[in-house]
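Student: Could you have a look at this structure, given as structure tokens, before my questions?
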Amino acid sequence: MAAGRKGLKREAAGFRDSMGYMDLWREVNFSQATQVALASIFSFFAFIFYFGLVRKVEFYSVLIFTAAAWLAFEVVLRKADLPSLKKAFAIAGFLAVFDFAVESAGAILGLWTTNYSFIPLFYVPGEVVALILVGGTAWALYLPKTFSLRTSAVDVFVIATYGALGEWIFVNAGLMSYGNGWNSLLAFAGYAFTFALLHLINYRILK
């Protein structure tokens with residue numbers, strides 16, 4: 001009887017482990033599907049911005065509206081609870097402060113300037129801060145709860161690629177300008193470093 005009970009316990013434990021792996025598999029695959037969707041959306045925006053289908057003064061508004069829609073999608077689809085929202089907003093808040101410091105330092109050093117902001121916060125457009133807070137919260141919610149190297153690596157690459165591409169489009173549209181040797185390759189490296197750091201914070205510090 002004792003041996004039978006132990007066998008049942010082992011089977012139950014194995015079933016729970018398999019369910020855990022299945023949940024992780026579903027979560028990771030859903031996040032990867034979201035990555036494909038994001039890449040498609042980023043490509044669409046790159047197209048309409050590059051070909052001037054959106055006026056310069058509307059660029060930030062379109063991006064903020066899209067980020068808000070993404071956030072609503074993540075909250076509803078993932079049924080985000082209060083602790084998850086607090087963690088996601090904390091990550092977005094860190095990103096906003098980090099970006100504000102980096103953008104300000106870069107502007108002071110003459111690496112870049114930004115234009116067409118209705119809400120300038122010293123050297124940083126207020127629209128960018130709002131975009132980071134909203135989009136950063138959505139981004140943090142979409143990450144799998146359990147670390148996946150493949151998902152994180154793809155995410156960092158996608159964000160860095162489209163971040164650098166977006167800045168290149170902004171430069172060509174006159175919303176930004178580079179100086180003192182700054183270029184798209186350095187922008188890619190900057191985005192990659194920033195989001196690798198955010199993954200570290202999400203999975204190691206705020207776990």
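Student: How many residues are assigned to a helix (DSSP H, G or I), farther than 19 Å from Ile132 by Cβ and either touching a residue at least 40 places away in the same chain (Cβ under 8 Å) or in contact with a Leu (Cβ under 9 Å, 6 or more places away or on another chain) (or both) when one looks only at the stretch 52-76? Can you show your working first?
Tutor: Start the filter on the stretch 52-76 by keeping residues that are assigned to a helix (DSSP H, G or I), which leaves 56-76.
If we keep only those that are farther than 19 Å from Ile132 by Cβ too, we end up with 56-57, 76.
Filter once more, keeping what is either touching a residue at least 40 places away in the same chain (Cβ under 8 Å) or in contact with a Leu (Cβ under 9 Å, 6 or more places away or on another chain) (or both): 56-57.
Qualifying residue count for the region: 2.
Student: On to the next question. Could you identify the single residue in Val154, Val124 that is farther than 16 Å from Ala92 by Cα and free of Cβ contacts under 8 Å to residues at least 60 places away in the same chain?
Tutor: Val124
Student: For the condition closer than 23 Å to Leu38 by Cα and either modelled with pLDDT of 95 or more or of a type in the set (A, V, I, L, M) (or both), what is the one hit in Leu165, Leu121, Leu82, Leu111?
Tutor: On the way: Leu121 fails: closer than 23 Å to Leu38 by Cα; Leu82 fails: closer than 23 Å to Leu38 by Cα; Leu111 fails: closer than 23 Å to Leu38 by Cα.
One residue alone meets the criteria, Leu165.
Student: A further question on this structure: Evaluate the stretch 126-137: report whether one residue or more is surrounded by fewer than 19 Cβ atoms within 10 Å (Cβ to Cβ) and either touching a Gly at 6+ places or on another chain (Cβ under 9 Å) or part of a loop (DSSP other than H, G, I, E, B) (or both). Reasoning before the result, please.
Tutor: Our first condition is that a residue be surrounded by fewer than 19 Cβ atoms within 10 Å (Cβ to Cβ); within the stretch 126-137, this holds for 126, 129-130, 133.
Now restrict to residues that are either touching a Gly at 6+ places or on another chain (Cβ under 9 Å) or part of a loop (DSSP other than H, G, I, E, B) (or both): 133.
Scanning the stretch 126-137 turns up at least one residue that is surrounded by fewer than 19 Cβ atoms within 10 Å (Cβ to Cβ) and either touching a Gly at 6+ places or on another chain (Cβ under 9 Å) or part of a loop (DSSP other than H, G, I, E, B) (or both).
Student: Which condition from (1) on the phi < 0 side of the Ramachandran plot; (2) touching a strand residue (DSSP E or B) at 6+ places or on another chain (Cβ under 9 Å); (3) in a loop (DSSP other than H, G, I, E, B) is the one that Tyr116 breaks?
Tutor: (1)
The values are calculated or read from the model by the stated rules, or taken from the named source; none is laboratory data. Worth saying up front: this structure is predicted, and the values here are computed from it rather than measured. Heads up, the Cβs are rebuilt from the backbone with ideal geometry, glycines too, and the neighbour counts pull from every protein chain shown.
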